[in-house]
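K.L.:
Below is one structure. I have some questions about it.
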Amino acid sequence: MARHMSHYLSLLNLDVRRWARHANQELSTGLADAAVVLVLITDGAIAGFAERHGAFLSDRMAVHFSGNVAVAGVAGMHPLCTFGPNLYDLATYTSVPFICEAEGPPFATAFPTLPNRSFVIPGDRKPLYHAAAVLAGNVSTALWLKFFQVLEDLDIPRDAAHAYLERTCRNLIEVAPQDVLTGPVVRRDVQTVRENLRALSDDPYAAVYRAFVEALAPELARESP
């Protein structure tokens, strides 16, 4: 994410300087004139970083981008997007909303020139928000990778599924929530669900399929041993 944030701010012609712990100079020297310090490190390291550099950060705005943790003295502002190996264009970056902690400063205080939308949630609700985001983004991606692998095992190129993937995404955006889901679980097709589970019997993804059935239709799960 560090590359993406640096690139985004650079596209807006903002002054960006980077510092890493293996740098040849101290943080207080490398970022001496920084008004806002973006802490782009792993979740578990944020609190320790804030404690070690508390004196330096005390008269600056410190911001971290974790969607899961809340850290005293560091504003949490999570970009609700996925960041891959390729950098994005300006329009993509400006479309990303930020989820901020209700107990912290407003997004506009840290980034007064950024046009992004922002929303606030209580800090203690961040783990729930982040868990749902992981399910929506990472778990769905893992499922698509699984499907691509199955297709390739059947000598079908993965791009054969692109229309399915694109329409699924478009439906999520364009269709009413109650009408988006399709398939045997929605139809309560017990026989098809049983056959699907049987086909996945030796596959770790059988547990994922069963969890999906149990979450969406618990009564169907009881009929599909």
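The values are calculated or read from the model by the stated rules, or taken from the named source; none is laboratory data. The structure presented is a predicted model; accordingly, all values stated were derived computationally and were not measured. Cβ: placed from backbone, ideal geometry, glycine included. Neighbour counts: every protein chain shown. SASA here: full protein model, heavy atoms, side chains in, ligands and nucleic acids out. Shrake-Rupley method; radii C 1.70, N 1.55, O 1.52, S 1.80 Å.
K.L.:
What does the charge dipole of region 94-163 about its Cα centre add up to, to the nearest 20 debye, if the Cβ of each Lys and Arg holds +1 and the Cβ of each Asp and Glu holds -1?
P.N.:
The dipole magnitude comes to about 260 debye.
K.L.:
In a GNM of the chain with a 10 Å cut-off on Cα contacts, which of P115, P106, P204 has the highest mean-square fluctuation?
P.N.:
Most flexible of the set in this elastic network: P204.
K.L.:
Sorted by average packing, counted as other Cβ atoms within 10 angstrom per residue and highest first, what order do 75-88, 142-155 take? Kindly include the intermediate steps, with their values, before the conclusion.
P.N.:
Values: 75-88: 15.9, 142-155: 12.3.
Ranked from most to least packed, the peptides come out as 75-88, 142-155.
K.L.:
Another question, if that's okay. With a 1.4 Å probe and all protein chains left in place, how much accessible area per residue does the chain have, in Å²?
P.N.:
With all protein chains present, the chain gives 63 Å² per residue.
K.L.:
Separate question: Quick one: length gained pulling I156 to D124 fully straight, 0.36 nm per residue minus the C-alpha distance?
P.N.:
7.0 nm
K.L.:
5 Å is the cut-off here: which amide hydrogens, built 1.01 Å from N in the peptide plane, fall below it relative to H64, excluding neighbours closer than 5 in sequence?
P.N.:
Result for H64 returns V39, A75, G76, M77.
K.L.:
If you take the charge dipole of region 102-188 about its Cα centre, with +1 on Lys and Arg Cβ and -1 on Asp and Glu Cβ, which of G123, T113, L143 is farthest toward its positive end?
P.N.:
G123
K.L.:
For the chain, give the magnitude of the charge dipole about the Cα centre (Cβ charges: +1 Lys/Arg, -1 Asp/Glu; no others), in debye to the nearest 20.
P.N.:
Dipole size: approximately 200 debye.
K.L.:
Considering just Cα atoms, how many Å³ per residue does the convex hull of region 106-225 enclose?
P.N.:
Working: hull volume 20.4 nm³, N = 120.
Convex hull of Cα atoms, per residue: 170 Å³.
K.L.:
Could you tell me the center-to-center distance, by alpha carbons, between region 63-92 and region 1-54 in angstrom?
P.N.:
A separation of 13 Å, based on Cα centres.
K.L.:
Could you please state, rounded to a whole Å, how far the C-alpha centre of region 108-127 is from the C-alpha centre of region 142-167?
P.N.:
Measuring centre to centre over Cα atoms gives 36 Å.
K.L.:
Quick check: residue separation of F147 and T29 times 0.36 nm, minus the Cα distance between them. What number comes out in nm?
P.N.:
Roughly 37.5 nm would be gained on extension.
K.L.:
Please give the length that would be gained between D202 and I41 if that part of the chain were fully extended, namely 0.36 nm times their separation in residues minus their C-alpha to C-alpha distance (nm, one decimal). Present the calculation step by step, with values, prior to reporting the outcome.
P.N.:
Details: separation 161, 0.36 × 161 = 57.96 nm, distance 3.82 nm.
Gain on stretching D202 to I41: 54.1 nm.
K.L.:
Nearest 10 degrees is fine. How inclined is helix 190-199 to the longest principal axis of the chain, computing both from alpha carbons?
P.N.:
It works out to around 70 degrees.
K.L.:
How large are Rg and Dmax for region 115-155 when only the alpha carbon atoms are used, in Å?
P.N.:
Cα-based Rg and Dmax for region 115-155 come out at 16.2, 49 Å.
K.L.:
Let me ask something else about it. For region 1-42, what is one quarter of the convex hull surface built on the Cα atoms, given in nm²? Please report the intermediate quantities before stating the final value.
P.N.:
Values: hull surface 12.9 nm².
Value for region 1-42: 3.2 nm².
K.L.:
Where the convex hull is taken over the Cα atoms of region 6-128, what is its projected area averaged over directions, in nm²?
P.N.:
Averaged projected hull area, Cα only: 7.8 nm².
K.L.:
Which FRET efficiency value, to the nearest 0.05, do you get for Q191 and A131 by plugging their Cβ-Cβ distance into 1/(1 + (r/R0)^6) with R0 = 22 Å?
P.N.:
It comes out at approximately 0.10.
K.L.:
Of all the Cα-Cα pairs you can form in the chain, what percent are over 23 Å apart?
P.N.:
Value for the chain: 61 percent of Cα pairs lie more than 23 Å apart.
K.L.:
How large, in percent, is the carbon and sulfur part of the accessible surface of the chain at a probe radius of 1.4 Å?
P.N.:
The computed percentage sits at 56.
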